[in-house]
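Quick notes on the structure that follows.
The values are calculated or read from the model by the stated rules, or taken from the named source; none is laboratory data. Because the structure is a prediction, the values reported are computed rather than measured. Every residue, glycine among them, receives a Cβ derived from its backbone with ideal geometry; neighbour counts consider all protein chains shown.
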Amino acid sequence: MSVEVMNRYDATVRLRARLGDEDAVIGGIGNTNFDLWAAGPRNLNFYMLGSMGLAVPIALGVALAQPGRRVIALEGDGSILMQLGCLSTLAKMAPGNLGTIIMDNGCYQITGSQPTGTAFGTDVEAVANACGLAHTATVATEAALDAALDRFWQIEAPWVIVVKIDSEPPRGTTERDPLRIRMRFMDALTLA
Amino acid sequence: MEVLEKVEEAVNALSWAEIMRDSLKRNGVKLVVYVPDRVLTPLIEAIEADSYFQAFSTAREEEAVGIVCGAWMAGMKGVVLMQTSGLATLPNVLASLPCTYQIPVLMIISERGTLGEFNRGQALVCKTMRPILDSMGMEGHTLTSIRELDFIVDRTIKQVFGTLDSAALIISPLLSSGKF
């Protein structure tokens, strides 16, 4: 593994800058979510407060219901390891409007930095490939992230980017009012 | 009287699976996400034979709940089909997604583990089903006869999407003839 890694907040800011006004994001729980909030709240971001591992399935539901809208699932390595089967479902359904970004720091940072399987060699990109997802990348620099996003942003197939990140703490904390989060998200899905 | 008898005859001509499929369709439930089970097979086949529905399986029931929650927020009504053992994997997800955000999840559960179960593992899991639903304030209606089937299914679907409170329709062996 490369010793060079990105910072989660910086990577999230780069993602946010690329989002169009109509693109939806499902933010998985934990520090991934906190930095998604810190990078600038958006009505079209759905911030999960539990149901660890379900960012990709929730995003798949949105993507199937609104095939004309780009949907991004944002997860952490611990979360995706909890629900690897969803990558098989994603490959099977093959929505052309769903991208997945996995922030991989090799640990459950929010609970005390206990190492995850990715610290011992589990390769999430390889898992995605083995599930049948062909459009994948693992990136550790801003240039590589930008190049991967350039490559995948317009394709009509599901894609997965694993972003190797450092262990810096998140820059904020997500607001935790579930009804506000859900209603803002739904209003934005209806209007935009 | 004659009219009623005719209605009854027509209803009796349809299988439980066809009645449930028709009720889902009538209520605009298009997305059907399932983890398969032998009892559910006629319902899955009836649904997959009708192009109105978008139906597919997931690896786990948790995924299916996430998918129908996302779809509902984006304007598409769905249902999750699973076996009793599937519900037993769901309390965390049900409490922290549909209950927390008030997102309606309609569930159809084939009841395995009672009325002639041969597998002790299934029988013990079955005992968790109603306490799980009760603990989250979710209604669970046990479907036992063709006669009441459309009424219960139709009303439950309307209530789930009207109140945004999730609920389960439980297919008893009494309805499905108990072929595990």
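Okay, here's what the table says:
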item	result
Single residue of B:S96, B:S85, B:S23 found to be under 20 Å from B:H141 (Cβ atoms) and more than 12 Å from the chain's Cα centre (by Cα)	B:S85
Checking A:G20 against (1) buried (at least 24 other Cβ atoms within 10 Å of the Cβ); (2) more than 13 Å from the chain's Cα centre (by Cα); (3) on the phi < 0 side of the Ramachandran plot, the condition it does not meet	(1)
Of residues in the range B:70-85 being surrounded by fewer than 24 Cβ atoms within 10 Å (Cβ to Cβ) and in contact (Cβ under 8 Å) with a residue 40 or more places away in the chain, the one nearest to the other protein chains (Cβ to nearest Cβ)	B:M76
B:V33 vs. criteria facing chain A (nearest Cβ under 7 Å), surrounded by 21 or more Cβ atoms within 10 Å (Cβ to Cβ), β-branched (V, I, T) and in contact with a strand residue (DSSP E or B) (Cβ under 7 Å, 6 or more places away or on another chain)	no
Residue ID - nearest to A:I26 (Cα to Cα), chosen from residues in the range A:129-143 that are away from every other protein chain (no Cβ under 14 Å) and small (G, A, S)	A:A137
Residue within the range A:42-50 that is assigned to a loop (DSSP other than H, G, I, E, B), among the basic types (K, R) and surrounded by fewer than 24 Cβ atoms within 10 Å (Cβ to Cβ) present	yes
Matching residues in the range B:36-61 - criterion: being more than 14 Å from chain A (Cβ to nearest Cβ), crowded, with 16+ Cβ neighbours inside 10 Å and in a loop (DSSP other than H, G, I, E, B)	B:D37, B:V39, B:L40
Matching strands (runs of 3 or more DSSP E) fully within the range A:56-156 where at least 1 residues are more than 25 Å from B:E61 (Cα to Cα) and either of a type outside the set (A, V, I, L, M, F, W, C) or in contact (Cβ under 8 Å) with a residue 40 or more places away in the chain (or both)	A:98-104, A:135-139
Odd one out for B:L94 among (1) more than 14 Å from chain A (Cβ to nearest Cβ); (2) of a type in the set (A, V, I, L, M); (3) surrounded by 16 or more Cβ atoms within 10 Å (Cβ to Cβ)	(1)
Selection within the range B:62-89 - part of a loop (DSSP other than H, G, I, E, B) and of a type in the set (G, A, S)	B:A74, B:G75, B:A88
Within the range A:68-122, considering residues that are of a type in the set (A, V, I, L, M, F, W, C) and at the interface with chain B (Cβ under 10 Å from one of its Cβ atoms), the one nearest to A:P57 (Cα to Cα)	A:C86
Qualifying residue in the range A:172-188 (condition: crowded, with 19+ Cβ neighbours inside 10 Å, more than 14 Å from chain B (Cβ to nearest Cβ) and outside any helix (DSSP H, G or I))	no
Qualifying residue in the range A:63-81 (condition: surrounded by 24 or more Cβ atoms within 10 Å (Cβ to Cβ) and more than 15 Å from the chain's Cα centre (by Cα))	yes
Candidates A:G30, A:G50 - the one that is free of Cβ contacts under 8 Å to residues at least 24 places away in the same chain and not aliphatic (A, V, I, L, M)	A:G50
Residue satisfying all of: in the range B:101-117; under 16 Å from A:P178 (Cα atoms) and touching a residue at least 60 places away in the same chain (Cβ under 8 Å); surrounded by the fewest Cβ atoms within 10 Å (Cβ to Cβ) among these	B:Q102
Candidate set: the range A:21-57, residues that are within 19 Å of B:V68 (Cα to Cα) and hydroxyl-bearing (S, T, Y); chosen: the one farthest from the other protein chains (Cβ to nearest Cβ)	A:Y47
Checking B:V33 against (1) modelled with pLDDT under 95; (2) hydrophobic (A, V, I, L, M, F, W, C); (3) assigned to a strand (DSSP E or B), the condition it does not meet	(1)
Odd one out for A:L90 among (1) buried (at least 19 other Cβ atoms within 10 Å of the Cβ); (2) over 28 Å from B:V65 (Cα atoms)	(2)
Filtered residues of the range A:126-165 (kept if of a type in the set (D, E, K, R), surrounded by 13 or more Cβ atoms within 10 Å (Cβ to Cβ) and over 13 Å from the mean Cα position of the chain (by Cα))	A:E142, A:D146, A:R151
